[in-house]
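Below is one structure, written out as structure tokens, with a few remarks after it.
The values are calculated or read from the model by the stated rules, or taken from the named source; none is laboratory data. On a predicted model such as this, the values are computed, not experimentally measured, just so you know. Cβ: placed from backbone, ideal geometry, glycine included. Neighbour counts: every protein chain shown.
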Amino acid sequence: MSPPGRTQGERRRACAAFRQPLRPALSLALALALALSGCAGGPPAPDWALEARSGLERFSRAELEGRGTVAQAEFARARAALAATGEPARVARAELLRCATRVASLDAEGCPGFDALAIDATAEDRAYAAYLAGRAGAADLAALPEAQRALAASGPSPEALRGAADPLSALVAAGVAVRRLAGEPPAPAGAGGPQGADPRALAAAAVDRAAAQGWRRPLLAWLGLQRRLALRDGDTALAERLGRRIALAGGEPPAAPGPAPAGSAPR
């Protein structure tokens with residue numbers, strides 16, 4: 001934990017540093033963490049809030065870069081700092097951040113950490129959880145942060161994913177779209193998914209955003225989906241090229257590909 005003797009001036013300087021746009025690619029993660037930290041305004045944040053804020057930022061970075069052991073340790077540290085307040089809503093928001101980073105990497109696990117605390121979460125956080133699960137209604141979408149609301153309104157389209165200011169928000173929106181496709185009949189190449197989106201174009205846009213940031217975990221997940229779609233559609237040249245990219249990034253494409261999942265969603 002942070003030293004108990006931290007002065008008010010040190011806390012103010014720490015909060016000011018947190019506001020600097022040093023990591024714009026993590027703006028979604030930082031916005032959620034900032035809301036937890038007490039740095040958004042008012043008196044200087046207490047040590048537990050600064051500990052949670054810095055831990056969540058490091059968790060997000062490590063999770064996206066594929067450093068799972070580091071990510072797990074940083075999240076545990078941040079969660080413990082939040083749990084020390086005895087406020088379930090604070091811990092629930094941290095769990096939402098963990099879930100969002102996993103949705104960005106096509107993790108199908110769900111949000112069990114948030115679900116266990118949902119009864120004490122805010123209405124806005126429950127709406128965001130519904131969005132991450134791919135089951136948001138009109139009222140839930142209206143309660144989303146502006147960036148996520150705009151992406152959801154677009155479908156999201158591949159163009160919107162590429163143009164979004166925050167790469168993490170774009171990958172989360174793409175992951176949500178894939179979840180919504182789960183259970184739908186497989187669409188042929190070029191056919192539309194949610195609101196007309198071509199699943200292959202959606203995956204290609206997500207690959208581009210993850211690759212540009214050097215985020216290995218979502219990159220491997222989206223390359224894997226893109227490769228399965230190419231194999232489903234008989235595009236063996238593309239599948240082979242994607243397999244080489246997966247191997248270069250540190251993954252290992254399957255030797256014997258299975259069928260593309262229903263609705264183009266990973267299982």
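The table below gives the values:
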| read-out | value |
| --- | --- |
| Unmet requirement for A33, which otherwise passes all of (1) at pLDDT below 55; (2) over 14 Å from the mean Cα position of the chain (by Cα) | (2) |
| The stretch 129-139, residues that are of a type outside the set (A, V, I, L, M) and modelled with pLDDT under 90 | G134, R135, G137 |
| Hits in the stretch 157-201 - residues which are charged (D, E, K, R), under 21 Å from S105 (Cβ atoms), part of a helix (DSSP H, G or I) and modelled with pLDDT of 85 or more | R162, R179, R200 |
| Qualifying positions in the stretch 225-254 - assigned to a helix (DSSP H, G or I) and in contact (Cβ under 8 Å) with a residue 60 or more places away in the chain | L225 |
| Members of the stretch 140-151 found to be closer than 19 Å to A210 by Cα and either surrounded by fewer than 19 Cβ atoms within 10 Å (Cβ to Cβ) or at pLDDT 85 or above (or both), listed by number | L151 |
